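The values are calculated or read from the model by the stated rules, or taken from the named source; none is laboratory data. Everything numeric in this text was worked out from a predicted model, so none of it was measured. FYI the Cβ positions are ideal-geometry reconstructions off the backbone, even for glycines, and counts take in every protein chain you see.
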Amino acid sequence: MSLLANLTSAGHLIEALFHFNQAFDMGLRYASKVHVARTLFDGLNKLQTEWLMSQAGQQLGEVKAFQTMISLGLSLEAKDALLRSDQVQSLVALNPMIMNHDVLRRRGYRPDVAIEPTLANHATEVHRKLENAYRDLHENREEVPKRVLKRVAELLYIVRSNIAHGEKTPCGPDLNKRERDEQVCACIVPLQELLLDMLLGQPSKRLISYGTLAPGQPNHSLVSDLKGEWEECVIRGTMNQKGELLRFLWNPTGPEQTASLFTSNDLPSNWHRIDQFEGAEYRRQLVLAKTQDGISVGYAYVTA
């Protein structure tokens, strides 16, 4: 079960996938981590908008909506995996702690003046609350995981707001903030990637093949040793052939194309090998697919 199971449309979801794919490409080009994180947050925001549309009658503020989407959009198993992940552990242990720059601005922070300990303590309040809650995870109390998840979502939203404002201040550019944001986002991006994968029902475990990797096709041996299940699906976009190879370009409003969807727990550890096989002429991209069970998201190799 994932957030996709409750969606009534796919408009904002499609926009979210475009953002996620853009961030994936930026990461391959070694772009600024702040730029990658900002693009992923744009995608998560579109996903949040789509989710809110499926929650008839709910009136939630931005922060509460983000927290609630994560809380309700993840299965119990996914929540447990997220909270015990290396990504969350790295966020908790991040030093120096993440500051809320809105708090700094409201308290008259100047980029050329050292931050007073009292102000720093107030600005890092949410990170410290996460650290305290995370410390209690080993205790068998029902409310602790909920509290940790809430603090993770709250701290992610603070980072989202911090980088949205850039390094500009009324007193001039804050170059130290730019450096801090890069350090923070180097930690945040892997967590964002894990979170969006879980919210989308783990597309990291789904391969959409429209060509030679499918059963009965010439290159199926590349994935035949992976345990999993194949099923038919429909994707939209343009398909053409160059030599003996099919080429596909995803277009959500394009013609329907028949493809095969492979779901396997072995895929995450094998993507690099398949990427190398596909080569520079193809790039792996999140693509929307329709199956007998409804909307699904998986990775397809599209024309580079």
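Just the residues that are within 18 Å of the chain's Cα centre (by Cα), not in a helix (DSSP H, G or I) and not charged (D, E, K, R), please, taken from segment 177-208.
Listed by number, the residues that qualify are Leu200, Gly201, Gln202, Leu207.
Only one of (1) surrounded by 21 or more Cβ atoms within 10 Å (Cβ to Cβ); (2) modelled with pLDDT of 95 or more; (3) over 30 Å from Trp271 (Cα atoms) is not met by Ile188, so which one is it?
Only one criterion is unmet by Ile188, namely (3).
So is Ala120 modelled with pLDDT of 90 or more and small (Gly, Ala, Ser) or not?
yes
Determine whether segment 98-113 contains at least one residue that is touching a helix residue (DSSP H, G or I) at 6+ places or on another chain (Cβ under 9 Å), buried (at least 16 other Cβ atoms within 10 Å of the Cβ) and among the basic types (Lys, Arg).
No, the conditions are met nowhere in segment 98-113.
Could you tell me whether segment 118-133 includes any residue that is in a loop (DSSP other than H, G, I, E, B) and either within 16 Å of Lys177 (Cβ to Cβ) or among the hydrophobic types (A, V, I, L, M, F, W, C) (or both)?
Yes, that holds for at least one residue.
Can you say whether Phe24 is at pLDDT 95 or above, of a type in the set (A, V, I, L, M, F, W, C) and in the same structural domain as Gln192 (by TED's automatic domain parsing), as far as the supplied structure shows?
no
Could you tell me whether any residue of segment 114-128 is at positive phi and exposed (fewer than 12 other Cβ atoms within 10 Å of the Cβ)?
Scanning segment 114-128, I find no residue that is at positive phi and exposed (fewer than 12 other Cβ atoms within 10 Å of the Cβ), so the answer is no.
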